[in-house]
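> Have a look at this one before I ask anything.
The values are calculated or read from the model by the stated rules, or taken from the named source; none is laboratory data. Since the structure is predicted, the reported quantities are computational estimates derived from the model, not experimental observations. We place every Cβ from the backbone using ideal geometry, glycine too, and count neighbours over all the protein chains shown.
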Amino acid sequence: MAERYSKANIKETGSVIDRIKANKLYWILIGFTIVLTIIMIALAAALGTANKKLKANSNSGSTSPIVTSTSSITASTPPSTTSTSPTLPGSIQVNDMMEHLRALQTIADENAGNRAAGEAGFNKTVEYIEDYLNKATNLIVYPEHFPIAQYEMIGTPTLSVDLNPSDTVTYVYLKDFLDMQYASGADWTDGYPLSVIPNLGCSMTDYDEAYPSIIPGKSVALVKRGDCAFVEKSQRAANASVAGLLIYNDGASSDRIEPMTASVDFYTKFPAFFLSSTVGYFLVDAVNKSENISVRMKITVNETINTTIVTNICADTKTGDKSKTIVIGSHTDSVKAGSGINDNGSGTAGTLVLATTLDKLLQRSDYKEYPNRVRFCFWAAEEVGLRGSTYHVEQWHFDMLGSPNYNFGIYNGSSADESIPLIAVPGSIKLTELFTEYFVDNKLPWSSSAFDGRSDYGPFLSAGIACSGVSTGADGEKSQAERDKYASMLPSGQGGIAGMIYDPCYHKECDTVQNIDKYAYEVMVKSAAYVLESIGQNADLVTWLYPSGQSEPTYKNEEFNESFEKSVLAQYHRKTDL
């Protein structure tokens, strides 16, 4: 089993936390995304992002009974035709999900502290999922293998800047700058001239106005974060024939000062570093004072590894119409910075529990049959650009279910912009209404979340597939109004903290089992179970989602269609880059 998922290298195949602990405030952020789609003969649904958790013992003044973050909830569900019949939401047990999360934590602890795509921890995660599904369910389990671009840095990169012949500044890796994934190596002994790119470097006219002017093949571009994604910035830099790229944080808020982990376009042919706002603004000022600023970059990248093979795992119910398939999905990989227990171990565990619970219910005579087949998928390589879900575009998505300063955000189909195919809008609105119905019926607060395709449901929206979902947020801040609303409707201590980000452990080493709030986690998974059960038992789901009919999606069965992939990736990268 381990050998089957071992890393395959193919050369040419196509301090907020300290403050929280000091005040004994624990955070939970649940993000949860559901995507539902029907493509002519296939229905796909993605159960989505649950970000992380908030165990906040805040002084809300609420008189509600105290429920700690480790308490489970019993969410009421709409009345069924037979009052004694089991329901999917009522059968979900949060302790089952926590058991899976502890297993994923152990995998990360034993494999360099992460479960990143292509790494040993990821391969062990895939193995754990497949073994569990084969042993615990009657589902039809199968893998999907596909290649992803591979990036491996060797050693520690260096960055120095010559302000004048006798004044050189050497910067510190991790503190002042970070390497950007998928850029090339460099070993510059001589300095290359530095040019400041105005207006955020999102159009070629910005490069025409560079100061000093760009010298093709020689200049290093200095670009500020904002307005467009880092991938787009790297593409503009490539078109301008730069020798290197330095992107710097904008310092717009306290969490936008330090250098951040980021990516440039796949197979970028020049080195690229991400700078702190302090370093970036210093260099801009230096260039304004002198045109003779030069840069030396050194970074070693393993150029012999172009791709690696990673694996999706999917499992189908044996009943239901195979031409109408509901797909529940969650990504299995973490970032390299940590074990990724909220992002997205929480989604993985939630999907596993939904799969095993539904499988058991479908074998009971007192549970209503599903006329539609259900497929549970565990996507690879979301953190490097939605690779698994793009590969298998017919899905629902489930991501980050239990963060610290959570909100119950519902992706609002009514807010779809002009980039989303109109055919997907009516069904997306109906799915949004189902989620809203669950929260309203259970007297739970909820918030409206942007419906922009910037997660694993993005490929489905781009293909004209109806989607919706829920998310508790990641690095956004909770407002005072939102905090007050939640404190008035939730048990004491669950309102959160105004002015603080939803998940202080997002993409960090501290995203461990301790970063999960069981209260919020269970709410989100049960809301997903409610929507899944509602659509799973809908005998005319295609008509319900697509009242005007659904034509064949443009990108269906086109493996890694280049223009489709670039469109999806552009939206994905905007999520974190902006």
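> Scan the range 330-357 for residues that are more than 18 Å from E130 (Cβ to Cβ), surrounded by 24 or more Cβ atoms within 10 Å (Cβ to Cβ) and hydrophobic (A, V, I, L, M, F, W, C) and jot them down.
Answer for the range 330-357, where residues must be more than 18 Å from E130 (Cβ to Cβ), surrounded by 24 or more Cβ atoms within 10 Å (Cβ to Cβ) and hydrophobic (A, V, I, L, M, F, W, C): just I341.
> Tell me whether the range 252-267 contains one or more residues that are at pLDDT 95 or above, farther than 29 Å from P504 by Cβ and either in a loop (DSSP other than H, G, I, E, B) or assigned by TED's automatic domain parsing to the domain that holds Q363 (or both).
no
> Scan the range 158-197 for residues that are under 20 Å from V231 (Cβ atoms) and of a type outside the set (D, E) and report the count.
Keep residues of the range 158-197 that are under 20 Å from V231 (Cβ atoms), which gives 177-186, 197.
Adding the requirement that they be of a type outside the set (D, E) leaves 177-178, 180-186, 197.
Number of matching residues: 10.
> Can you pull out the residues in the range 477-495 that are part of a helix (DSSP H, G or I) and either surrounded by fewer than 16 Cβ atoms within 10 Å (Cβ to Cβ) or in contact with a Cys (Cβ under 7 Å, 6 or more places away or on another chain) (or both)? Steps first, please.
In the first step, residues of the range 477-495 are kept if they are part of a helix (DSSP H, G or I); the result is 480-489.
Residues satisfying the conditions are Q480, A481, D484, S488.
> Just one of the numbered conditions (1) surrounded by 18 or more Cβ atoms within 10 Å (Cβ to Cβ); (2) under 17 Å from T261 (Cα atoms) is not true of S184; which one?
(1)
> Among the residues of the range 529-541, write down those that are assigned to a helix (DSSP H, G or I) and at pLDDT 90 or above. So that I can check it myself, show each step before the final result.
Keep residues of the range 529-541 that are assigned to a helix (DSSP H, G or I), which gives 529-536, 541.
A529, Y530, V531, L532, E533, S534, I535, G536 - these are the residues of the range 529-541 that are assigned to a helix (DSSP H, G or I) and at pLDDT 90 or above.
> Which is outside the structural domain of G340 (by TED's automatic domain parsing), in contact with an Asp or Glu (Cβ under 8 Å, 6 or more places away or on another chain) and buried (at least 21 other Cβ atoms within 10 Å of the Cβ), of L139, L159? Outline the logic, then answer.
Working: L139 fails: outside the structural domain of G340 (by TED's automatic domain parsing).
The unique qualifying residue is L159.
> Another question, if that's okay. Suppose the filter is part of a helix (DSSP H, G or I) and surrounded by 16 or more Cβ atoms within 10 Å (Cβ to Cβ); does A315 pass it? Show your work before the answer.
Numbers: part of a helix (DSSP H, G or I): no; surrounded by 16 or more Cβ atoms within 10 Å (Cβ to Cβ): yes.
Answer is no for this residue.
> Among the numbered criteria (1) over 30 Å from E522 (Cβ atoms); (2) part of a loop (DSSP other than H, G, I, E, B); (3) within 21 Å of the chain's Cα centre (by Cα), which single criterion is violated by N114?
(1)
> Any chance the range 496-503 includes a residue that's in contact with a Cys (Cβ under 9 Å, 6 or more places away or on another chain), modelled with pLDDT under 85, outside any loop (DSSP other than H, G, I, E, B) and on the phi < 0 side of the Ramachandran plot?
The answer is no; no qualifying residue exists.
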